[in-house]
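Chemist: Could you have a look at this structure, given as structure tokens, before my questions?
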Amino acid sequence: MRKERKKRSVSAAALICMTAAVCCLAIPTVALSGQNRLGRTAPKTNVDGLTEAKTAFDTACASCHGLDARGGERGPDLVSRPEVMRKTDAELRKILTDGKTAAGMPSFSSYAPAKLSALVAYLRSLQGGSKMPPLPGDPARGKALFFGKAKCAECHMIGGQGGFFGQDLTSYATR
């Protein structure tokens with residue numbers, strides 16, 4: 001004899017409990033993510049200047065580069081893109097001043113030099129501020145494990161290689 005299974009619907013009370021549980025788990029995660037990790041020091045900048053720079057970024061840059069500067073429909077990722085991270089502060093200020101009209105980047109030459117420097121400092125704070133110490137481990141063995149026995153590459157991608165179902169882990173260590 002077959003027993004018919006009753007379809008169970010999620011009650012409103014159960015849904016509220018599940019939502020509360022998820023929120024309770026998320027709050028400590030968000031709080032801990034703001035703390036310094038591995039001896040990283042916060043960049044020595046004026047907090048008010050960064051707040052003003054964030055406002056300037058939100059109004060002038062976020063529409064193309066996204067609110068978190070990780071890229072948008074019109075502008076590239078400014079946080080983890082290696083060619084942006086390698087640029088000096090002076091090079092970034094020059095790009096802001098001159099623009100890159102061929103790429104669709106307008107000039108912000110009307111901004112005061114202090115405001116441009118504050119924008120660069122804000123961008124550096126989004127990139128992680130100061131450099132972290134090198135991570136322990138053997139990169140060659142990690143790569144062999146990632147693409148081999150552990151089968152991480154079936155879902156995840158690093159440097160354009162691997163799957164696309166999971167998160168792209170190319171800049172994972174920088175975060």
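Chemist: Please determine, by comparing only the residues of the stretch 120-139 that are aliphatic (A, V, I, L, M) and either modelled with pLDDT of 90 or more or within 19 Å of G72 (Cα to Cα) (or both), which one is surrounded by the fewest Cβ atoms within 10 Å (Cβ to Cβ).
Modeler: Restricting to residues being aliphatic (A, V, I, L, M) and either modelled with pLDDT of 90 or more or within 19 Å of G72 (Cα to Cα) (or both), the top hit is L126.
Chemist: Hey, another quick one. Quick one: which of S117, S109 is open to solvent by 40 Å² or more (accessible area, probe 1.4 Å), of a type in the set (S, T, Y), in contact with an Asp or Glu (Cβ under 8 Å, 6 or more places away or on another chain) and in a loop (DSSP other than H, G, I, E, B)? Before you say what the answer is, go through the steps one by one.
Modeler: Working: S117 fails: in a loop (DSSP other than H, G, I, E, B).
Exactly one of S117, S109 is open to solvent by 40 Å² or more (accessible area, probe 1.4 Å), of a type in the set (S, T, Y), in contact with an Asp or Glu (Cβ under 8 Å, 6 or more places away or on another chain) and in a loop (DSSP other than H, G, I, E, B), namely S109.
Chemist: Here is a further query. If P43 satisfies every condition in (1) modelled with pLDDT under 80; (2) under 19 Å from the mean Cα position of the chain (by Cα); (3) within 15 Å of A121 (Cα to Cα); (4) assigned to a helix (DSSP H, G or I) but one, which is the exception?
Modeler: Every listed condition holds for P43 apart from (4).
Chemist: Continuing with the same structure: Please go through the stretch 57-83 and give me each residue that is among the aliphatic types (A, V, I, L, M) and either open to solvent by 80 Å² or more (accessible area, probe 1.4 Å) or free of Cβ contacts under 8 Å to residues at least 40 places away in the same chain (or both), ordered by number.
Modeler: Step one: filter the stretch 57-83 for residues among the aliphatic types (A, V, I, L, M), giving 60, 62, 67, 69, 78-79.
Selection gives A62, L67.
Chemist: Read through the list (1) surrounded by fewer than 18 Cβ atoms within 10 Å (Cβ to Cβ); (2) within 22 Å of D168 (Cβ to Cβ), then give the number of the only condition that A103 fails.
Modeler: (2)
The values are calculated or read from the model by the stated rules, or taken from the named source; none is laboratory data. Just so it is clear, the structure is predicted and the values come from calculations on it, not from any experiment. Ideal geometry is used to build each Cβ from the backbone, glycine not excepted, and the neighbour counts take in all protein chains shown. Ligands, DNA and RNA are stripped out before the accessible areas are found, and what is left, the full protein with its side chains, is counted by its heavy atoms. Shrake-Rupley method; radii C 1.70, N 1.55, O 1.52, S 1.80 Å.
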